[in-house]
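Notes for the one structure printed next.
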Amino acid sequence: MKTYNIALIKGDGIGPEIVDEATKVLDAIASSEGFDIQYNELLMGGCAYDITGDPLPKETIDTSINSDAVLFGAIGGERWDSLPREKRPESGLLRFRKELGVYANLRPAVVYDELINASSLKPEVVKGVDLMVVRELIGGIYFGEPKGREGDRAYNTMVYTRDEVVRIAHTAFKIAMERGKRVCSIDKANVLDVSQMWRETVEDVAKEYPEVTLSHMYVDNAAMQLIRDPKQFDVMLTGNIFGDILSDEASMLSGSIGLLPSASVGAKIGVYEPIHGSAPDIAGQGIANPIATIASASMMLRFALGEVNAADRVDAAIKQALSEGYRTQDIADYGAKEVCSTSEMGSIIANYAAK
Ligand code: IPM
Ligand code: MG
């Protein structure tokens, strides 16, 4: 039997609860499709710091690199907020992305028709939204030098090299070719030199994709346009910090940040994770929505393992659970026939997927 090795990083807060539901679904679909998944559970984030003193133990990197893919929950929590920066859970995640070299963060925002009323925007504005944020993940102001604190002065630097922009632009154009053939590149070229270079470089890469229509937008305008008329977007190409902000904003088009998956790719090993955080305020209560993580596991099946049929079945199972009226608490007000717990939702989706 074909066996895949998956590095499993549950992390902090609701991480363990939601990842357990994703593996439940993966196991169900694997046995139905006739393949096997072996998990290596690894530490990262606050839980890793508590046990080892390091938010990213070396073993986590080494084992992940030798896996077929990484499935990741979430990290962080107030408990660790007062630690020195390099000991914080977030630093572990950033180093992890950098060490793996996953420079392309793909964050689809899709509105499920069943939840059309869950969005804070009018149904006619969000109905049919289907966009993809392509966020550069291992450069920009998150990693730029110099950075530091000197007394009452503190600074970070937004740096991009041409090569970094070229490779993420190729990712965006290739994805656009498989979708609506439109790329909107988002920057702040009216103010920032780094954005001016970003824009010129994207223009150059666009010449290799004559079928794709390229437009540019300033990030402040993009934040506004996402709310005004989200359907105008197909692929949104952007740098690290702008993509961080815009992808949270885009997620709310769907009604709950608990619904949307992401993939971090570009290197040999991809990382698949929900776009939401560790939500310590609801951890351990069994009320978190596992759908974002289950949908991330589906992206992993599709893109990392090539198990397209299994991925299609998981996606259909998520839709079926929603259309049958099953809702976790975050979306309970919108068409719930039955409000279910984290683990009930996982079981329902697993059963539908394996049918
Ligand atoms: C995300 C998160 C992370 C980021 C944090 C936790 C470091 O917000 O994945 O979007 O800023 O990239
Ligand atoms: Mg974020």
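The values are calculated or read from the model by the stated rules, or taken from the named source; none is laboratory data. None of the values given here were measured: they were computed from a predicted structure. All Cβ positions, even for glycine, are placed from backbone atoms using ideal geometry, and neighbour counts span all protein chains on display. The protein model used for the area step is the full one, side chains on, heavy atoms only, and it has no ligands, DNA or RNA in it. Shrake-Rupley method; radii C 1.70, N 1.55, O 1.52, S 1.80 Å.
Please go through (1) modelled with pLDDT of 95 or more; (2) of a type in the set (D, E, K, R); (3) assigned to a helix (DSSP H, G or I) for E114 and return the number of the only condition it doesn't satisfy. So E114 meets the others, but not (1).
Would it be correct to say that I294 is farther than 25 Å from A350 by Cα and assigned to a helix (DSSP H, G or I)? No: the conditions fail for I294. Scan the stretch 213-242 for residues that are within 16 Å of ligand 2 (Cβ to nearest atom) and closer than 17 Å to K174 by Cβ and the total you get is 2. Name the pairs whose Cβ atoms lie under 8 Å apart, with the first residue in the stretch 132-155 and assigned by TED's automatic domain parsing to the domain that holds A104, the second open to solvent by 30 Å² or more (accessible area, probe 1.4 Å) and part of a strand (DSSP E or B), and 6 or more positions between them or separate chains? Once the first residue is assigned by TED's automatic domain parsing to the domain that holds A104 and sits in the stretch 132-155, no partner that is open to solvent by 30 Å² or more (accessible area, probe 1.4 Å) and part of a strand (DSSP E or B) comes close enough.
The residue of the stretch 1-13 that is farthest from Y49 (Cα to Cα), among those that are open to solvent by less than 10 Å² (accessible area, probe 1.4 Å) and either over 16 Å from the mean Cα position of the chain (by Cα) or not assigned by TED's automatic domain parsing to the domain that holds G34 (or both), is I6.
Looking only at residues of the stretch 89-129 that are basic (K, R) and under 25 Å from N289 (Cα atoms), we find that the one that is nearest to ligand 2 (Cβ to nearest atom) is R107. Exactly one residue among S82, S91, S31 is open to solvent by 10 Å² or more (accessible area, probe 1.4 Å) and either part of a loop (DSSP other than H, G, I, E, B) or of a type in the set (D, E) (or both), and that residue is S82.
Just checking, does the stretch 182-198 include any residue being in contact (Cβ under 8 Å) with a residue 24 or more places away in the chain, farther than 15 Å from F242 by Cα, open to solvent by less than 40 Å² (accessible area, probe 1.4 Å) and assigned by TED's automatic domain parsing to the domain that holds L137? Yes - at least one qualifying residue is present in the stretch 182-198.
Scanning the stretch 199-231 for residues that are open to solvent by 60 Å² or more (accessible area, probe 1.4 Å), in a helix (DSSP H, G or I) and either hydroxyl-bearing (S, T, Y) or within 30 Å of K122 (Cβ to Cβ) (or both) yields D220, M224, I227, R228, K231.
Take the conditions farther than 22 Å from K174 by Cα, within 16 Å of ligand 2 (Cβ to nearest atom) and within 14 Å of the chain's Cα centre (by Cα) and apply them to I294. Does it pass? The answer is no for I294.
Sort out which residues of the stretch 264-295 are touching a Ser or Thr at 6+ places or on another chain (Cβ under 7 Å), within 12 Å of ligand 1 (Cβ to nearest atom) and not β-branched (V, I, T), and write them in order of number. Within the stretch 264-295, E273, P274 meet the criteria. Of all residues being more than 10 Å from ligand 1 (Cβ to nearest atom) and not in a loop (DSSP other than H, G, I, E, B) in the stretch 252-262, which is nearest to A317 (Cα to Cα)? Just the residue, please. Among them, the one singled out is L259. Quick one: would you say K319 is open to solvent by 60 Å² or more (accessible area, probe 1.4 Å) and either farther than 13 Å from I291 by Cβ or outside the structural domain of A28 (by TED's automatic domain parsing) (or both)? Answer is no for this residue.
Against the condition touching a residue at least 40 places away in the same chain (Cβ under 8 Å) and open to solvent by 50 Å² or more (accessible area, probe 1.4 Å), how does R179 come out, does it pass? Against the criterion (touching a residue at least 40 places away in the same chain (Cβ under 8 Å) and open to solvent by 50 Å² or more (accessible area, probe 1.4 Å)), R179 qualifies. If the condition is being within 12 Å of ligand 1 (Cβ to nearest atom) and either open to solvent by 20 Å² or more (accessible area, probe 1.4 Å) or not in a strand (DSSP E or B) (or both), then the stretch 63-79 contributes I75, G76, G77. From the list T342, T328, T238, which one is of a type outside the set (D, E, K, R), over 14 Å from the mean Cα position of the chain (by Cα) and within 16 Å of ligand 1 (Cβ to nearest atom)? Selected residue: T238, the only one of T342, T328, T238 that is of a type outside the set (D, E, K, R), over 14 Å from the mean Cα position of the chain (by Cα) and within 16 Å of ligand 1 (Cβ to nearest atom). G266 falls short on exactly one of the conditions (1) outside the structural domain of W80 (by TED's automatic domain parsing); (2) open to solvent by 10 Å² or more (accessible area, probe 1.4 Å), and that condition is (1). Selection of the stretch 21-49 for residues being in contact with a strand residue (DSSP E or B) (Cβ under 8 Å, 6 or more places away or on another chain) and either among the charged types (D, E, K, R) or at pLDDT below 95 (or both) yields D27, D36, E41. Filtering the stretch 332-342 to residues that are within 23 Å of I29 (Cβ to Cβ) and out of contact with any Lys or Arg (no Cβ under 8 Å at 6 or more places or on another chain) leaves S341, T342.
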